[in-house]
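Trainee: Questions regarding the structure given below will be posed in turn.
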Amino acid sequence: MTLEVPVAREQVGLIAGDGRSPLYVPRSWVAIAELGQIFVGRQDELDRIDAAMRHPGLSGAALIGAGGAGKSRLLAEVVRRADEGHHLVVRACACQATSSVPFGAFAQYLPAALMDTAFNGNALRMAADALIGQSGGRDLLLVIDDAHLLDEASVALAFQMARHREAFVLTASRSGEGIPDPIADLCTSGLAEWIEVRPFTRAEVGEVLASTLGGPAEGALVQRCWEATGGNAFLLRELTTAMLETGALTLAEGVRRGGERLPVTSRLAGLVDKRLTGLTPECRRALELLAFGDSVSVDVLAGLVSRAAVETVEARGIVKVERLGGRDRARLAYPLYGDVLRARAPRLRARRCREELAGAVEAAAPGPGDLLKVAAWRLENGERPSAVAVAAATRDAWSRMDLPLSGQLAGCAVEAGKGVEVAEPLGYGLMFAGRSGDAEARLAHLGRPARERDRARLTSVRAFNLAFGLDNVSEAWLLLRTGLDDLTGGEPRAELRALQALLHVFGGRCHAAVVLAEQVMADVPGDSRARCVAEVARGVALAFLRRPEESFQALGEARELSLRWQGELPWLEIFIELGWVHACLLTGRFLEAQAQAAAGYDRAVARQFPFAIAWFCLLRALVARARGEVREELHRCREGVAIARHHGDRGLLAVLLAQLAQGLALAGEVKAARRALAEADGLAQRSLWLLQPWIELARSWVAAAGDSPDAPAIAEKGAALAREFGAVGMEALALHDVARMGAPQHVLARLRELAGQAGDGAVPLYAAHVEAAAAGDGDGLAASSAELERLGSPLLAAEAAAEQANCHRAAGDLAAASAAAARALRLARSSGARTPALSALERPRLTRREHQIAELAAKGLSSKEISAHFVLSVRTVENHLQRAYRKLGIGDRAELGALLGLFQPAHDDDHSPTM
């Protein structure tokens, strides 16, 4: 088999070396070989098994889960982690071949003579004694996979040894197969723990892909793999193998991205066929219909096959039946089966399936989304539904964010003369698919609609695409002004004026946006689309104008209104969350901002909406910046950059690149940071001018990473721009950055002024931090560090602690300096950031003896054991530990292990001064 995988530096792995030249192969080969060894997640199950093994009253645990859930891999991990010094692991071989042989599962561990003995009580005791005799005094761990295939004698042996606490019995069984009654009795009698092995969560699927592929996978790919496999570990492994074999993955900005469709290889198809072995032709036909129909009414499906067939495939766990919209609907339990069945269906059979489904659904009472499916099936079969049906189906597909289908249907609607009716799905669909230029060309070609409402909608989508798709803000404004001149009705004009308010916001004219938005809101009904857009514009503007309570109220009302209009304007949610996250960030609600951004990202990947995913990548990156989580910031920026670059979103790409540059600068990758910033500058974005202060601040951090003395002045330009916008919170954040770069005196007066305007939140904390830093007030810096940690920013707290350490050191208080430095290092440990304050920090230094004693204490040795090791008195050991605790700023040995890697022992004698 030839794997056509592009081999880049990061895609190769060293697999052999014999003293001559090393052998490198494509990363995909290595990944396929390593797939079976990867173990992620399952911490809850592992913890429960570990607790059961330690519990004096338990002597077993029974794992139960669907086929392919990962039970065998979990057993293997338990065996791998078992301490050979304390356990003898006995792995039973339970299979169909040994299920009728007495003690067949344990044959390799038992004497040959015992295998010829009749199964009775004596034989059972002899078998138990034979296993105990091999343990050498260690605890016995009996591991039994596929326990439902155990022979009767082996079941009795495991049961009796567990009952007499002669062994800990760990079994795994498949759901629906049943487990032997004696093993079940152990659980019901309280002697064994019953543990369900659940499917992988989406986060765990992401971990598996990252471990396999040698780097993170984009959220959309993780979502698709999770949905396709239902989190089934076996199917995920096989799907990942198929993607690697076919070269279906690409690498962009260090993030693995998938193609439009998941690949189906002959191996994957064969494995699915094996899972479907034993099904009748009618049952397989039911699965084939679901493969093309996705979710189908049970009554419709039963009418095409039989109710008995539907019940059979549901009982086998291949089909799930759910109650949706007041009726039972069937779907494949694992959508990956549908991919395989569709790929293997001959063309004419596929056509017949679609015809039968369309006819049956039309004849029944169609449920939500069913008519859209009918239109799609007929379209794929080469038929042309009526113009009215196509237009309705286009709007339905658009409201469900099915971008490929809505684009296909919109094209048919235009050909059928219904282009004006589908202008928004057509324009937004092309824009969100990365074809903004095509969107403008096709929308402009539609001509002038007769109805004012249609003219307003066409003008709106064109203006939005010009501004946020093509980054041509001036043309967008011109189009809106011209459109207003062509309208007389209040509601159509209000829709264009609301969009003008939104453009004011993103142009940095927040006060003008609020005024115009409130005028629109006063002129239109409370549930109108114009009011919804105006409310969004007003809420975002207020978020930057540092009026958080008004902003949260406005954005909350916009959320409620958007539920009605989200199907027509899916970008509403993006801008609502943009305002909400910024309102949280600029008022110091970092943890709330983190939760909001993460939840929005999850919704975007669930909808497979790339435009929204890229935006939420930016929001998550900004939150990570505020919290000082550099690795998270880089990961989110890289994913967002890959999407925005692919889709041609110039404004968003520029802001993402700038944030990427800032993260790279803090990570010490100065050259890469300069390249990213240069690319961002080259885009010369104008559509997101409101976010330009973030770009200027990124520029200042890139300068600071290169030791440029101009860094504080550059940050001040960002502050000046924020002040021009009226963005008090953003200005304060920028001025705080100036102080973090070593110029606190220069910005202190303005920060005090802003703190007086702001009330509670982040701004007063920034001002207090800068005031303490400017005065060299160690106690004040300690207080600021505590407050900034409470705010949710470990990095800012670490910087304040580092400045506190320097103050104490300058005052000659080395113990206090060491304690503050240790706190700074602990807080900054997970950040990965290199900032001026942290770079100026001298790490705590222990003497060699203090370090040696601390290491042994961290490993769990008592002071008496340590004293014997070094031939010292116990009191001397305790004195060394107390000095180490003071230098590290901790209270006892429980915290030692996590800190010892943060510093090196002093290369001098025990009496040298340390800091």
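The values are calculated or read from the model by the stated rules, or taken from the named source; none is laboratory data. Just so you know, these numbers come straight off a predicted model, no measurement behind them. For neighbour counting, all protein chains shown are included, and Cβ atoms are generated from backbone atoms with ideal geometry for every residue, glycine included.
Trainee: Please specify each residue of region 847-878 satisfying the condition of being of a type in the set (A, V, I, L, M, F, W, C) and either touching a Lys or Arg at 6+ places or on another chain (Cβ under 7 Å) or in the same structural domain as S818 (by TED's automatic domain parsing) (or both).
Mentor: Taking region 847-878 as the starting set, the residues that turn out to be of a type in the set (A, V, I, L, M, F, W, C) are 853-854, 856-858, 861, 866, 868, 870-872, 874, 877.
Matches in region 847-878: A857, A858, V874.
Trainee: Within region 296-317, how many residues turn out to be touching a strand residue (DSSP E or B) at 6+ places or on another chain (Cβ under 7 Å), touching a residue at least 40 places away in the same chain (Cβ under 8 Å) and either closer than 21 Å to L279 by Cβ or part of a loop (DSSP other than H, G, I, E, B) (or both)? Explain how you work it out, then say what you get.
Mentor: Of region 296-317, the ones touching a strand residue (DSSP E or B) at 6+ places or on another chain (Cβ under 7 Å) are 296-298, 301, 310, 313-314.
Checking the rest, the ones that are also touching a residue at least 40 places away in the same chain (Cβ under 8 Å) come to 296-297.
When the remaining residues are screened for being either closer than 21 Å to L279 by Cβ or part of a loop (DSSP other than H, G, I, E, B) (or both), the result is 296.
Of the residues in that region, 1 qualify.
Trainee: Which residue is surrounded by the most Cβ atoms within 10 Å (Cβ to Cβ), if the candidates are limited to region 131-151 and must be within 24 Å of G65 (Cβ to Cβ) and out of contact with any strand residue (DSSP E or B) (no Cβ under 6 Å at 6 or more places or on another chain)?
Mentor: Initially, region 131-151 is screened for residues within 24 Å of G65 (Cβ to Cβ), giving 141-151.
Adding the requirement that they be out of contact with any strand residue (DSSP E or B) (no Cβ under 6 Å at 6 or more places or on another chain) leaves 146, 149-151.
Details: D146: 21, L149: 22, L150: 29, D151: 22.
Selected residue: L150.
Trainee: Here is a further query. Would you be able to tell me the number of residues in region 108-130 that are farther than 14 Å from A156 by Cα, surrounded by 15 or more Cβ atoms within 10 Å (Cβ to Cβ) and modelled with pLDDT of 85 or more?
Mentor: Number of matching residues: 3.
Trainee: A further question on this structure: Restricting attention to region 608-637, which residues are in a helix (DSSP H, G or I) and in contact with a Pro (Cβ under 8 Å, 6 or more places away or on another chain)? Let's see the steps before the verdict.
Mentor: Kept after step one, since they are in a helix (DSSP H, G or I), are these residues of region 608-637: 610-627, 630-637.
Of everything in region 608-637, those that are in a helix (DSSP H, G or I) and in contact with a Pro (Cβ under 8 Å, 6 or more places away or on another chain) turn out to be A612, R627, H635.
Trainee: Also, quick follow-up: Of all the residues that make up region 464-475, how many are outside any loop (DSSP other than H, G, I, E, B) and either surrounded by 24 or more Cβ atoms within 10 Å (Cβ to Cβ) or under 31 Å from the mean Cα position of the chain (by Cα) (or both)?
Mentor: Going residue by residue through region 464-475, those that are outside any loop (DSSP other than H, G, I, E, B) are 464-469, 473-475.
Cutting the leftovers down to either surrounded by 24 or more Cβ atoms within 10 Å (Cβ to Cβ) or under 31 Å from the mean Cα position of the chain (by Cα) (or both) gives us 464-469.
Number of matching residues: 6.
Trainee: Restricting attention to helices (runs of 4 or more DSSP H) lying wholly within region 493-565, give those where 2 or more residues are within 15 Å of S460 (Cα to Cα).
Mentor: On the way: elements: 510-523, 529-544, 548-565.
Output list reads 529-544.
Trainee: Does region 473-496 contain any residue that is of a type in the set (F, W, Y), more than 25 Å from E415 (Cβ to Cβ), touching a residue at least 60 places away in the same chain (Cβ under 8 Å) and in contact with a Leu (Cβ under 9 Å, 6 or more places away or on another chain)?
Mentor: Restricting attention to region 473-496, the residues satisfying the condition of being of a type in the set (F, W, Y) are 477.
From the residues that got through so far, the ones that are more than 25 Å from E415 (Cβ to Cβ) too are 477.
Among the residues that remain, those that are also touching a residue at least 60 places away in the same chain (Cβ under 8 Å) are: none.
Checked region 473-496: no residue is of a type in the set (F, W, Y), more than 25 Å from E415 (Cβ to Cβ), touching a residue at least 60 places away in the same chain (Cβ under 8 Å) and in contact with a Leu (Cβ under 9 Å, 6 or more places away or on another chain).
Trainee: Which pairs do you get when a residue that is assigned by TED's automatic domain parsing to the domain that holds R462, found in region 560-571, comes within reach of a residue that is charged (D, E, K, R) and at pLDDT 90 or above, reach meaning Cβ atoms under 6 angstrom, with the pair 6+ apart or on two chains?
Mentor: none
Trainee: OK, next. Among the residues of region 250-264, what is the count of those that are part of a loop (DSSP other than H, G, I, E, B) and of a type in the set (V, I, T)?
Mentor: Taking region 250-264 and keeping what is part of a loop (DSSP other than H, G, I, E, B), we get 253-254, 258-264.
If we keep only those that are of a type in the set (V, I, T) too, we end up with 264.
Looking only at that region, the number is 1.
Trainee: Quick one: how many residues across region 324-365 are over 17 Å from E383 (Cβ atoms) and either exposed (fewer than 14 other Cβ atoms within 10 Å of the Cβ) or of a type outside the set (D, E) (or both)? Show your work before the answer.
Mentor: From region 324-365, those over 17 Å from E383 (Cβ atoms) are 324-346, 349, 364-365; that's our starting set.
Imposing the further condition that a residue be either exposed (fewer than 14 other Cβ atoms within 10 Å of the Cβ) or of a type outside the set (D, E) (or both) reduces the set to 324-327, 329-338, 340-346, 349, 364-365.
Total meeting the criteria: 24.
Trainee: Continuing with this model, one more query. Six or more apart or on different chains, Cβ atoms under 9 Å: show the pairs whose first residue is in region 324-338 and in contact (Cβ under 8 Å) with a residue 12 or more places away in the chain and over 17 Å from V361 (Cβ atoms) and whose second is of a type in the set (K, R) and buried (at least 21 other Cβ atoms within 10 Å of the Cβ).
Mentor: No pair meets every condition.
Trainee: Applying the selection to region 200-215, what residues are crowded, with 21+ Cβ neighbours inside 10 Å and either in contact with a His (Cβ under 6 Å, 6 or more places away or on another chain) or closer than 13 Å to R42 by Cα (or both)?
Mentor: The first filter runs over region 200-215 and keeps only residues crowded, with 21+ Cβ neighbours inside 10 Å, leaving 200, 204-206, 208-209, 212-213.
Result: F200, E204, V205, V208.
Trainee: Restricting region 292-323 to residues that are under 34 Å from the mean Cα position of the chain (by Cα), among the small types (G, A, S) and crowded, with 19+ Cβ neighbours inside 10 Å, which is nearest to Y334 (Cα to Cα)?
Mentor: Initially, region 292-323 is screened for residues under 34 Å from the mean Cα position of the chain (by Cα), giving 292-297, 313-323.
Imposing the further condition that a residue be among the small types (G, A, S) reduces the set to 293, 295, 297, 315, 317.
So of that shortlist, the ones also crowded, with 19+ Cβ neighbours inside 10 Å come out as 293, 297.
Values: G293: 14, S297: 18 Å.
Step by step, filter region 292-323, then rank; the result is G293.
Trainee: What single numbered condition from (1) at positive phi; (2) touching a Cys at 6+ places or on another chain (Cβ under 6 Å) fails to hold for F103?
Mentor: With respect to (1) at positive phi; (2) touching a Cys at 6+ places or on another chain (Cβ under 6 Å), F103 is out only on (2).
Trainee: Just to verify a result, which residue in region 351-382, among those that are among the hydrophobic types (A, V, I, L, M, F, W, C) and touching a residue at least 40 places away in the same chain (Cβ under 8 Å), is nearest to L409 (Cα to Cα)? Lay out the reasoning, then the answer.
Mentor: As a first pass, look at region 351-382 and keep what is among the hydrophobic types (A, V, I, L, M, F, W, C): 353, 357-358, 360-361, 363-365, 371-372, 374-377, 379.
Narrowing the set further to residues that are touching a residue at least 40 places away in the same chain (Cβ under 8 Å) leaves 353, 357, 360-361, 364, 377.
Values: C353: 21, L357: 19, A360: 22, V361: 19, A364: 23, W377: 12 Å.
This residue is W377.
Trainee: Also, I was wondering about something else. Quick check, is A184 part of a strand (DSSP E or B) and farther than 30 Å from P404 by Cα? Step through it out loud before you land on a result.
Mentor: Details: part of a strand (DSSP E or B): no; farther than 30 Å from P404 by Cα: yes.
No.
Trainee: Test A172 against the stated conditions and say whether it is touching a Leu at 6+ places or on another chain (Cβ under 9 Å), surrounded by fewer than 21 Cβ atoms within 10 Å (Cβ to Cβ) and either assigned to a strand (DSSP E or B) or not hydroxyl-bearing (S, T, Y) (or both). Step through it out loud before you land on a result.
Mentor: On the way: touching a Leu at 6+ places or on another chain (Cβ under 9 Å): yes; surrounded by fewer than 21 Cβ atoms within 10 Å (Cβ to Cβ): no; either assigned to a strand (DSSP E or B) or not hydroxyl-bearing (S, T, Y) (or both): yes.
Answer is no for this residue.
Trainee: Checking the conditions here, which among A774, A828, A824, A767 is within 17 Å of R843 (Cβ to Cβ), free of Cβ contacts under 8 Å to residues at least 40 places away in the same chain and not hydroxyl-bearing (S, T, Y)?
Mentor: Details: A774 fails: within 17 Å of R843 (Cβ to Cβ); A828 fails: free of Cβ contacts under 8 Å to residues at least 40 places away in the same chain; A767 fails: within 17 Å of R843 (Cβ to Cβ).
From the options A774, A828, A824, A767, the qualifying one is A824.
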